[in-house]
1. Would you kindly state the longest site-free stretch of the chain, with sites defined as GluC sites (Glu not before Pro) in a DSSP loop (not H, G, I, E, B) surrounded by at most 14 other Cβ atoms within 10 Å?
2. Please list, by residue number, every one of the chymotrypsin sites (Phe, Trp or Tyr not before Pro) in region 12-107 that is coil in DSSP and has at most 10 other beta-carbon atoms within 10 Å.
3. Averaged per residue, what accessible area in Å² does the chain show with a 1.4 Å probe, protein chains only?
4. So how far apart, in nm, are the two label points at Leu127 and Leu3 if each is 7 Å from Cα heading toward Cβ?
5. At 0.36 nm per residue, and after removing the present C-alpha to C-alpha distance, how many nm does the segment from Lys60 to Gln148 gain when stretched out fully?
6. Under the rule that an exposed site lies in a DSSP loop and has at most 12 other Cβ atoms within 10 Å, name the longest stretch of the chain with no trypsin sites (Lys or Arg not before Pro) of that kind, not counting the sites themselves.
7. For Cα pairs less than 8 Å apart in space and 6+ apart in sequence, what is the mean separation divided by the residue count of the chain, i.e. the relative contact order in percent?
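The values are calculated or read from the model by the stated rules, or taken from the named source; none is laboratory data. Treat the numbers as computed from the prediction; the structure is a model and nothing was measured. All Cβ positions, glycine included, derive from the backbone under ideal geometry; neighbour counts span all protein chains shown. Accessible surface is based on the protein model in full, side chains and every heavy atom, while ligands, DNA and RNA are left aside. Shrake-Rupley method; radii C 1.70, N 1.55, O 1.52, S 1.80 Å.
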Amino acid sequence: MSLSKDLTDAFKTRMEQNHDELDISFSIMVLGTNFWPLNPPTHEFIIPSEILTTYDRFQKYYQTKHSGRKLTWLWNYSKNELRTNYTAQKYILMTSAYQMAVLVQYNKSETMSVEELGAATGIPKELLGQVLGLLVKAKVLVSEETGQYDLNPSGCLFFLPA
C-alpha cells in the first residue's frame, strides 16, 4: 500500500515539474494480481472525458517506471468525489466510477435516456439500471418518464471531479 502512495506522490510531483497541472485530485492503488485476486469488470467502460487526460498521463507515467507491466483498471472498485454546482448550495458527492460516469453526462444535457447513458458510458443495461436507481433514490436524478432521467429540478448544474 505504501508503494501505491509513493507512486501517486511521484506522479503528482512529475506533473508539477512539467508544469502540467493536474486538473483533478488523483490517487491510485496499484496492486499485484498475485496478491490481490480482484476481478476487473467484464464490460468495456468508456472513460469520461473529464478524467481521460489524467488517466492517459498516469498510463504513460506508469509505463516509464514499469516497462512491460500491464495496468488493469478496476473501475468496479473505484471511488470518486464529485463537486456539484447547485443554484444555492454546493455539495461533494461520494460516488462509484459508474455513478461518476453517468453524472458527468449531465454536463452536456439535463435530460438523458437510458440508451444515451449506456452508449456514453459503456455500462451494461442491468448495471446501469442499478446505478440510475441509486441516483434517483439519492434525489440527484428524477425519472418522471420511463427510460428518461433528468437532473433534479432543484437546480443541479454541473458535476466536476473534486
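1. Value returned for the longest uninterrupted segment is 45-109.
2. Of the chymotrypsin sites (Phe, Trp or Tyr not before Pro), the ones in loops of region 12-107 whose Cβ has at most 10 other Cβ atoms within 10 Å are Phe35.
3. Heavy-atom SASA per residue in the chain reads 63 Å².
4. 2.7 nm
5. On the way: separation 88, 0.36 × 88 = 31.68 nm, distance 3.81 nm.
Additional length available on full extension: 27.9 nm.
6. Working: sites that count: Arg69, Lys70, Lys90, Lys108, Lys139.
That gives 1-68 as the longest site-free run.
7. Numbers: 189 pairs, mean separation 39.6, N = 162.
Over the chain, the number comes to 24 percent.
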